[in-house]
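The values are calculated or read from the model by the stated rules, or taken from the named source; none is laboratory data. If you're wondering where the values come from, they're calculated on a predicted model, not measured in any experiment.
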Amino acid sequence: MTRTVRHGFTLIELLVVIAIMAILAAILFPVFAGVRARGWQTKCMVQMKQLQQAHQMWVQDHDGEIPNWYYSLNPQSPTSYQKKFGEHPTKTKDPNWIFWPEFLSNYIRDRQILDDPGFQAGRTGNPGEWMADQMLGSWGPGGSGTEDNPYWRWAGPASRTGTGMHESQIVRTSETICFIDGYLTTEVIWLDPKRHRGGVNAVMHDGSARWLPTRNMPDYSPAPSLWQVEQKNGIYRYRFISADIE
């Protein structure tokens with residue numbers, strides 16, 4: 001009589017396989033998460049460059065004027081406020097104000113470039129109606145130019161009601177931030193300092209883009225930080241947030 005022998009795994013072999021799979025998962029999951037985060041960062045950078053191109057077209061159509069991040073409209077002209085992308089379903093907006101996603105809307109093909117996939121969890125809890133996952137830096141000046149209080153100025157009007165800076169007044173277009181990681185609602189505009197790998201994506205006024213860490217980097221580091229301060233002609237100023245001085 002022939003006896004059939006059945007081959008199978010022992011309990012110890014199964015436990016070894018499970019342990020190996022758990023180790024592999026522990027190794028690979030952070031890698032996959034890192035790849036996804038870098039993918040989000042790359043997409044964010046591409047979208048921000050498209051916004052800068054829209055911004056530049058607006059500037060060219062307005063004789064070189066650098067816009068503010070919002071403007072006050074004439075209350076007597078209600079048709080002046082037209083929201084291209086539709087109203088928020090639950091919140092209303094004061095029709096006397098227009099924000100940069102609105103006055104740039106004619107230069108933007110798809111409103112999805114205003115959505116940063118790396119900021120999905122950050123939209124809750126902010127007051128007002130959401131408008132964009134980026135910040136247009138356009139105000140100043142500020143600071144006294146000392147080491148303790150460096151000078152700064154985004155490229156834009158000197159006051160919220162003033163005339164915009166002319167593009168010819170931007171001294172260092174390759175080192176002056178135009179758009180940066182942040183957010184805009186109908187009530188607040190803010191910088192998001194650690195959205196991507198502990199730093200920010202930023203696009204300069206010449207269209208170049210870079211990632212800037214938001215921590216203070218040592219002097220020997222090849223990566224300058226967002227808050228890097230330089231001294232020029234006796235004035236301390238933020239390197240990337242000083243549009244009108246060398």
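Checked against (1) assigned to a loop (DSSP other than H, G, I, E, B); (2) more than 21 Å from the chain's Cα centre (by Cα); (3) modelled with pLDDT of 90 or more, ALA155 meets all criteria but (2).
Filtering segment 198-234 to residues that are modelled with pLDDT under 90 and within 14 Å of CYS44 (Cα to Cα) leaves only GLY199.
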